[in-house]
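The values are calculated or read from the model by the stated rules, or taken from the named source; none is laboratory data. Note that the structure is a prediction, hence the values are computed from the model and not measured. Methodologically, a virtual Cβ is constructed for each residue, glycine included, from the backbone with ideal geometry; neighbour enumeration extends over all protein chains shown. Calculation scope for accessible area: heavy atoms of the full protein, side chains included, ligands and nucleic acids excluded. Shrake-Rupley method; radii C 1.70, N 1.55, O 1.52, S 1.80 Å.
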Amino acid sequence: MLEALQAPAPDKILELMSLYADDPREDKLDLGVGVYKDAEGRTPIMRAVKEAERRLLEEQTTKSYVALLGDATFLDRMRDLIFGDSVPADRIAACQTPGGTGAVHQLFELIQRADPEAVVWYSDPTWPNHPAMLAHLGIPAKTYRYFDTATRGVDFEGMLADLAGAKVGDVVLLHGCCHNPTGANPTLEQWRTIAELCVQRGLVPMIDLAYQGFGDGLDSDVAGMRYLAGQVPEILVAASCSKNFGLYRDRVGAAFAVSAAPNLTPIARGNLASLNRMNFSFPPDHGARAVGIILADDKLRLDWITELEEMRQGMLVLRRNFAEALRRATNSDRYDFVASHRGMFSRLGLTPGQVATLRSDYGVYMTGDSRINIAGLPADGLDTFASAIAAVD
Ligand code: LMR
């Protein structure tokens with residue numbers, strides 16, 4: 001039987017991770033996978049997480065199952081962190097998932113259960129796992145234009161023109177903030193227009209929220225999404241704690257389904273629970289419980305916000321300094337967009353050939369679409385990297 005299997009198409013991001021690991025050069029530079037790094041190149045365990053884990057270790061008395069939906073404290077606190085008061089809590093059904101990817105997967109399956117005909121519209125470009133998972137699940141999907149390669153900003157007109165082709169009940173997949181891979185994000189005004197479009201055309205927004213707190217701040221990053229949530233009858237949100245709590249390997253995420261009326265919430269909740277049961281049964285507890293502890297404790301929460309803010313500010317400084325280094329190296333302002341992009345990534349706009357040369361000749365690893373992980377930039381090596389870019393550009 002197994003000899004009939006075909007080799008699956010490699011995931012480009014994960015493939016890059018192993019290419020980097022296999023490169024013996026000491027001065028190689030990893031700007032690939034979206035993992036935060038501090039100035040020393042480490043991905044630290046956040047202080048509040050360490051303390052929450054210490055408490056967990058001391059106080060936890062059982063490892064018995066919790067609930068199919070996961071830990072209630074985690075879910076309630078995450079709901080408040082994300083939605084604020086934009087939607088009444090009795091319209092929001094939530095379940096804990098293995099990471100943000102798990103949340104995206106569960107919501108894709110929820111869409112499929114609710115309406116197998118619904119087309120999921122995703123941005124071109126997007127995180128490669130979006131189309132891969134949609135194809136894997138056999139969900140009809142289409143793209144909308146998103147990135148203006150000339151300005152390196154959002155091609156909002158193109159986006160609206162393409163979404164004009166969506167039919168009632170179709171799903172519009174949006175990045176809540178810090179668009180991956182481009183770093184270009186809609187303005188609040190544009191979020192308002194997106195909300196209007198969804199209401200007028202009966203489209204259901206689905207938000208992938210993997211970087212809350214990495215762009216303009218914890219609340220600012222969800223301002224557009226909250227506005228949208230307040231306008232539309234239904235919205236789906238997939239949230240990840242990988243980045244903003246640094247809990248990558250512990251797989252902490254949550255899926256939210258907002259129904260048009262409170263009497264529909266138990267049905268949505270029941271479906272989320274049953275989808276968990278079908279796919280993996282109970283979600284992993286450890287990381288989510290640590291997040292619940294942090295969000296429910298004023299002191300720990302403040303410490304988490306402080307450290308997250310330090311990380312965010314650090315990335316902004318790197319953006320500004322890198323844009324300046326590129327100005328010096330190229331003697332032009334054509335990379336100034338790096339300073340105005342937000343989040344973990346920017347798409348530089350290099351060709352696949354230039355990306356390959358940077359890898360072979362300079363040991364710089366970025367994804368083939370020239371996406372760089374801003375947190376991976378070397379604070380004291382920006383001019384060297386900028387000169388390499390200028391040399392291939
Ligand atoms: C990325 O885009 O690099 C991250 O979201 C990590 C991943 O799983 O792809």
Quiz prompt | Filter result for A118 (touching an Asp or Glu at 6+ places or on another chain (Cβ under 9 Å), touching a residue at least 60 places away in the same chain (Cβ under 8 Å) and over 30 Å from D336 (Cβ atoms)) | solution = yes
Self-check item: Residues that are surrounded by 24 or more Cβ atoms within 10 Å (Cβ to Cβ) and in contact with a strand residue (DSSP E or B) (Cβ under 8 Å, 6 or more places away or on another chain), drawn from the stretch 238-267
Solution: A238, A239, S240, C241, V252, G253, A254, A255, F256, A257, V258
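When only residues in the stretch 319-348 that are touching a Ser or Thr at 6+ places or on another chain (Cβ under 6 Å) and open to solvent by 10 Å² or more (accessible area, probe 1.4 Å) count, which is farthest from S387 (Cα to Cα)? If you could, list the steps in order and put the result at the bottom.
Let us first name the residues in the stretch 319-348 that are touching a Ser or Thr at 6+ places or on another chain (Cβ under 6 Å), namely 329, 338, 347-348.
Subset that is open to solvent by 10 Å² or more (accessible area, probe 1.4 Å): 329, 347.
On the way: A329: 5, R347: 17 Å.
Going through the qualifying residues, I end up with R347.
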Self-check item: Residue, nearest to M311 (Cα to Cα), within the stretch 345-393, restricted to residues that are touching a Phe, Trp or Tyr at 6+ places or on another chain (Cβ under 6 Å) and of a type outside the set (D, E, K, R)
Solution: A375
Exercise. Determine if the stretch 40-48 includes at least one residue that is under 19 Å from P98 (Cα atoms) and away from the ligand (no atom under 16 Å from the Cβ).
Key: yes
Quiz item: From the set of residues in the stretch 1-16 that are in a helix (DSSP H, G or I) and surrounded by fewer than 10 Cβ atoms within 10 Å (Cβ to Cβ), which is nearest to the ligand (Cβ to nearest atom)?
Solution: L2
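When you check A67 against the structure, is it free of Cβ contacts under 8 Å to residues at least 60 places away in the same chain and assigned to a loop (DSSP other than H, G, I, E, B), yes or no? It would help to see each step written out before you state the result.
On the way: free of Cβ contacts under 8 Å to residues at least 60 places away in the same chain: no; assigned to a loop (DSSP other than H, G, I, E, B): yes.
It is false that A67 is free of Cβ contacts under 8 Å to residues at least 60 places away in the same chain and assigned to a loop (DSSP other than H, G, I, E, B).
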Quiz prompt | Where V33 falls short, out of the listed (1) open to solvent by 40 Å² or more (accessible area, probe 1.4 Å); (2) within 16 Å of the ligand (Cβ to nearest atom) | solution = (1)
Self-check item: Residue among R79, R91, R47 that is basic (K, R) and out of contact with any strand residue (DSSP E or B) (no Cβ under 6 Å at 6 or more places or on another chain)
Solution: R47
Self-check item: Every residue from the stretch 268-284 that is open to solvent by less than 40 Å² (accessible area, probe 1.4 Å) and either under 27 Å from E307 (Cα atoms) or outside any helix (DSSP H, G or I) (or both)
Solution: S281, P283
Quiz item: Can you name the condition, by its number, that A67 falls short on among (1) within 13 Å of the ligand (Cβ to nearest atom); (2) out of contact with any Asp or Glu (no Cβ under 8 Å at 6 or more places or on another chain)?
Solution: (1)
Quiz item: Which ones in the stretch 88-123 are within 16 Å of the ligand (Cβ to nearest atom) and open to solvent by 20 Å² or more (accessible area, probe 1.4 Å)?
Solution: P98, T101, H105, Y122
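Condition (residue is in contact (Cβ under 8 Å) with a residue 40 or more places away in the chain, part of a loop (DSSP other than H, G, I, E, B) and within 12 Å of the ligand (Cβ to nearest atom)) applied to the stretch 17-30: is it met by at least one residue?
To start, the set of residues in the stretch 17-30 that are in contact (Cβ under 8 Å) with a residue 40 or more places away in the chain comprises 19-20, 23, 25, 27-30.
Checking which are part of a loop (DSSP other than H, G, I, E, B) leaves us with 23, 25, 27-28.
Adding the requirement that they be within 12 Å of the ligand (Cβ to nearest atom) leaves none.
No, every residue in the stretch 17-30 fails to be in contact (Cβ under 8 Å) with a residue 40 or more places away in the chain, part of a loop (DSSP other than H, G, I, E, B) and within 12 Å of the ligand (Cβ to nearest atom).
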